[in-house]
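The block underneath contains the structure these notes are about, expressed in structure tokens.
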Amino acid sequence: GEGAERKPRAKLEGAEAAAAIAGEALKKADGETAWARAELHAIRGSGLRLGRTAPLRDSLSAALASLDEALALYPLYTRALFERALTLMDLEDFEGAVGAFERLVAIDKGYPHLLTWLVRAHASLRRQRTGAAARALGGSAGGEGDAEGGDRRAADDDDSAAFVHNHYMVLEVPCDCTVDEVKRTYRQMSLLYHPDKPTGDPQLFARVSEAHAVLGDAEARCRYDEGNADGRGGLWREIEGKYFAESQQYWPFGDPLAAHPEQRARRGVRRRELLGRQAEAWRVQQGRRH
């Protein structure tokens, strides 16, 4: 409805305003402490990332540069490091995002929902590498895109690109977007690319529709984020064991459900559902802050 439409727009405008205010404050911050300047850079970086000004990649690159400035001033600034990791996710630098989240693990293992984001970063990286390997084997039928690498039609002409479609980038929404943001952006893009419109494009319309079908549905989005399209558990157990081994249950005489895969799977589903609800609550909370 109209109310839901206003919320994401207000968030964007708030983020842009925060970035602008922090940018102006930085021009007069020579006499401020390193911490104060780092905080301003972090606010500006977060605002630029969420503001989504055009061209998008330029805005995200500026956000990354501002967050790097914050970390140069205060290397242990966890909020700046987390925002940097999210910015790298938005830029599709998933290897860099994994590294940033790993650095955050080394500094503060208790940072909110860190395991969730590590799983997402690893899942995105594997999906990206799978698609790159498929293209290397099959060749690219779509030709080269523009200088920015952002030619949507070239990507859609390449069948192997289906392995690497980033639904967040297709809709140009942040990796931590809310459902309202997904719906709003989908309405705009579906009108733009609808085949009956002068600007219509059937392939792009299909891609936008597919992205909305995944990100607009909580369960489908969770499976996509976790690299769990087959419904068999994704990366949770592997990533948790790698970074948070101390939190895994220890069975001195073996897992009592090891011989009961269906019950074991249900236990995993319940746990992921709980973590998914926590992550969604966090996304909503983040939306209220901006």
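Residue-wise, which Karplus ³J(HN,Hα) couplings in Hz belong to segment 213-223, taking 6.51 cos²θ - 1.76 cosθ + 1.60, θ = phi - 60°, and x for glycine or proline?
4, 7, 6, x, 10, 4, 5, 5, 5, 4, 5
Step through the residues of segment 182-194 one at a time and calculate ³J(HN,Hα) from phi using the Karplus curve (6.51 cos²θ - 1.76 cosθ + 1.60, θ = phi - 60°), rounding each to whole Hz and writing x for Gly and Pro.
With coefficients 6.51, -1.76 and 1.60, one gets 4, 5, 5, 5, 4, 4, 5, 6, 5, 5, 5, 9, 4 Hz.
What do the square roots of 5 times the Cα gyration tensor eigenvalues come to for segment 1-140, in whole Å, largest first, as semi-axes of the equivalent ellipsoid?
Working: eigenvalues 157, 85, 45 Å².
Working through the eigenvalues yields semi-axes of 28, 21, 15 Å.
Keeping all protein chains in place and using 1.4 angstrom, which order do 219, 39 fall into by accessible surface area, from largest down?
On the way: 219 125, 39 70 Å².
From most accessible down to least: 219, 39.
Set the Förster radius R0 to 22 Å, insert the Cβ-Cβ distance between residue 137 and residue 238 as r into 1/(1 + (r/R0)^6), and round the FRET efficiency to 0.05. List each step's numbers first, then the result.
Values: r = 25 Å, r/R0 = 1.16.
Using R0 = 22 Å, I get an efficiency of 0.30.
Let me make sure I get this right: for segment 16-87, a, b and c are the square roots of the gyration tensor eigenvalues over alpha carbons, sorted descending. Under 1.5 in a/c it's rounded, otherwise prolate if a/b > b/c, else oblate. Which is it? Intermediate values should be presented prior to the final figure.
Values: a/c = 2.29, a/b = 1.30, b/c = 1.76.
Oblate, because a/c is 1.5 or more while a/b does not exceed b/c.
Which of the peptides 78-91, 106-119, 195-208 is most tightly packed, and how do the rest follow, judged by the mean count of other Cβ atoms within 10 Å per residue?
On the way: 78-91: 23.9, 106-119: 16.4, 195-208: 14.2.
Averaged packing, sorted descending, gives the order 78-91, 106-119, 195-208.
The values are calculated or read from the model by the stated rules, or taken from the named source; none is laboratory data. Every value quoted in this text rests on a predicted model; they were computed, and no experiment measured them. All Cβ positions, glycine included, derive from the backbone under ideal geometry; neighbour counts span all protein chains shown. Calculation scope for accessible area: heavy atoms of the full protein, side chains included, ligands and nucleic acids excluded. Shrake-Rupley method; radii C 1.70, N 1.55, O 1.52, S 1.80 Å.
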